[in-house]
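> Just passing along the structure, written as structure tokens.
The values are calculated or read from the model by the stated rules, or taken from the named source; none is laboratory data. Not measured: the values here are computed from a predicted model. Note: ideal-geometry Cβ built from the backbone for every residue, glycine included; neighbour counts use all protein chains shown. These accessible areas exclude ligands, DNA and RNA; they are computed on the full protein's heavy atoms, side chains included. Shrake-Rupley method; radii C 1.70, N 1.55, O 1.52, S 1.80 Å.
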Amino acid sequence: MRLTFRGAAGGVTGSCHELEAASRHVLVDCGMFQGSRRLAEDNAADFGFDPAAIELLLLTHAHLDHCGRIPLLVKRGFRGRIITTAATRDLAELVLQDAADLQAEDARHHNHDGNEAPLYDANDVAQAMRLVEGTARYDTPLELAPGLRATFRNAGHILGSASILIEAQEPSGLGRIVFSGDLGNRNKPLLNPPEPAPAADAVVMESTYGDRNHRSVADSVRQFQQVVAATLARGGNVVIPTFALERAQDLLYYLREMVEQKLMPASTGVYLDSPMAISATEIFRHHPESFNPETREQFAEGRDPFALPGLQMTRERQASVALNQVHGAVIMAGSGMAAGGRIRHHLIHNLPDANNLILFVGYAATGTAARQIIDGAREVRLLGETVPVRAQVCTIGGFSAHADRDELLQWAASAAGARIYLVHGEGAAARALAEAMIRRGQSATVAAADAFVNIAAANTAART
Ligand SMILES: [Zn+2]
Ligand SMILES: [Zn+2]
């Protein structure tokens, strides 16, 4: 088997790994580079391989940094099969349509410099979705071709997410390689924890939090309950900038629990003010097979884990604007980093009042409004306005969708003897994780962009 790192090598985003195995040409993920302008150029650049020559694309999960360049791959000639779980297929469609819309909008704003041509449009997304088979089930091997088999395993990261084990019959024997995908942290409210790594000759593994441990989920939930209850008790609003996938649904789940435990009045208005989060929540409801046993049981008993008595989903702009009048309510809206989306209007209305709480529950990149508020700015610029920050600001770090350093080490420990290649991490995080693995007697290397490795079967030495 020959493995080439085409993305997320030396950085977090742009996951794309090329594998030649059992005389087939396979891709695992084809994600978007996200962040700076230079990365935008990376997205438009040549893939480094011929898209038409790829026969199979296996998709680990629906985040944009894993699926975001699939429509471009199809536009450039890929005609093979795309295989993933049913939940990932549905979520990827939503995510890719949204990406096409955003690119069209960006192109309208930046057309004067001629540099922001969309990578693809809604038609390309539809074209790509026709190739997607949502047939993979956890722990059920799929025969992809003679001598080539893939098994999707629960990665516990977002709904439908998977690690993928590929087994290939090579002249030297049966080769086994596993791609971790993104690994979830334990004790998530809706999902099972990740299955540990299977035995393999090689492991391609994420390292996002390779140098850090999170605060525990239980502590984070307690902190969340405390600050939300205190704000509502004084008549203030709780404004939560949130990501549409998984985080919004986790928060609905925690808020419903607060009502059940009488930590929050059942009459509290809870507003999910994000068309994408609303659509994502509907998709979640269609995939009970992807949940942990407790959540599945709730569905089976006809209890909807996301149904709060005071929940209102505001798809229409007018309903969103009407939220300027509410008090003592919880408002969730995108984007999670307040870099765009409806949350900016809610921040303009709620930041100036000391009764309100702005609650951050996810990652905030440098330079975003979220980052400035978290860092204690006295005022921020939003939609051309200067807005004073008088509201209480709180950050809860333990709701990450990613495994932390200890969980990553634990996941990989069961792949004793495998060569581990670390991807999907900033340099420092990936190096720290590699060093920790080496100290534990494992063989770990930080993957370099466009480098290839030959993976020999049955743990014989790989050659770089
Ligand atoms: Zn992810
Ligand atoms: Zn990712």
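> Determine, for each peptide in 257-265, 316-324, 413-421, the mean count of other beta carbons within 10 angstrom over its residues, then list the peptides with the highest first.
413-421, 257-265, 316-324
> Could I ask something else about it? Order these peptides, 42-50, 12-20, 266-274, by their mean beta-carbon neighbour count within 10 angstrom, highest first.
12-20, 266-274, 42-50
> Within 10 Å, count the other beta carbons around each residue, average over each peptide in 369-375, 217-223, and list them highest first.
369-375, 217-223
> Moving to a separate point now. Amide H of residue 11: which non-local residues (sequence gap of 5 or more, or other chain) have their own amide H closer than 5 Å, using H built in the peptide plane?
Those lying under 5 Å, H to H, from residue 11 are 424, 425.
> On C-alpha positions alone, give me the angle between the axis of helix 247-260 and the longest principal axis of the chain, in degrees, nearest 10.
Approximately 50 degrees, to the nearest ten.
> If one computes the Cα centroid of the stretch 250-284 and of the stretch 335-357, what distance in Å separates the two points?
Their Cα centres are 18 Å away from one another.
> What fraction of the Cα pairs in the stretch 217-395, stated in percent, has a spacing above 25 angstrom?
30 percent
> Please list, in chain and number order, the residues 5+ apart from residue 312 or on another chain whose amide H is under 5 Å from its amide H, with Hs placed from the backbone.
270, 271, 272
> On a 0 to 90 degree scale, rounded to 10, what angle separates helix 275-285 from the longest Cα axis of the chain?
Between helix and principal axis, roughly 60 degrees.
> Starting from the amide H of residue 83, placed 1.01 Å from N in the peptide plane, find each other amide H under 5 Å away whose residue is 5 or more places distant or on another chain.
57, 58, 59, 133
> What FRET efficiency comes out for residue 296 versus residue 261 if R0 is 22 angstrom and r is the Cβ-Cβ distance? Round to the nearest 0.05.
About 0.55, to the nearest 0.05.
> For the stretch 406-417, just list the computed ³J(HN,Hα) in residue order, Karplus coefficients 6.51, -1.76 and 1.60, θ = phi - 60°, integers in Hz, with x standing in for Gly and Pro.
Working through the residues one at a time gives 5, 5, 5, 4, 5, 4, 6, 4, 7, 9, 4, x Hz.
> Considering all projection directions equally, how large on average is the shadow of the alpha-carbon convex hull of the chain, in square nanometres?
21.3 nm²
> Next question. PRE reach from residue 375 (point 7 Å along Cα→Cβ): which of the stretch 317-340 fall under 16 Å by backbone N?
337-339
> Take residue 435 and residue 353, extend 7 Å from each Cα along the Cα→Cβ direction, and tell me the distance between the two endpoints in nm.
4.9 nm
> Shifting gears a bit: Given labels modelled 7 Å from the Cα in the Cβ direction, how far is it in nm from residue 448 to residue 140?
Simple spin-label model gives 4.3 nm for this pair.
> With just the Cα atoms defining each centre, how far is the stretch 163-201 from the stretch 373-389? Give it in Å.
44 Å
> Tell me, what HN-Hα J-couplings in whole Hz come from the Karplus equation 6.51 cos²θ - 1.76 cosθ + 1.60 at θ = phi - 60° for each residue of the stretch 133-143, using x for Gly and Pro?
Residue by residue, the stretch 133-143 yields 9, x, 9, 6, 10, 4, 6, 10, x, 10, 7 Hz.
> Turning to a different aspect of this structure: Carbon and sulfur together cover what percent of the accessible area of the chain at a 1.4 Å probe radius?
49 percent
> Using 0.36 nm per residue of separation minus the Cα-Cα distance, give me the extension gain between residue 23 and residue 319 in nm, one decimal.
So the extension gain works out to 101.0 nm.
> Could you derive backbone 3J(HN,Hα) for the stretch 94-107 from the dihedral phi with the Karplus parameters 6.51, -1.76 and 1.60 (θ = phi - 60°), listing whole Hz in sequence and x where the residue is Gly or Pro?
Coupling constants for the stretch 94-107: 4, 5, 6, 4, 4, 4, 5, 4, 5, 5, 5, 5, 4, 4 Hz.
> Mind checking the per residue accessible area of the chain for me, 1.4 Å probe, whole number of Å²?
Using a 1.4 Å probe on heavy atoms only, each residue of the chain averages 41 Å².
> How much net charge surrounds residue 361 when only other residues with a Cβ under 15 Å from its Cβ are counted (Lys, Arg +1; Asp, Glu -1)?
+2
> Over the stretch 217-395, calculate the relative contact order: mean separation of alpha carbon pairs under 8 Å at least 6 apart, over the residue count, as a percent.
Computed over the stretch 217-395, the figure is 29 percent.
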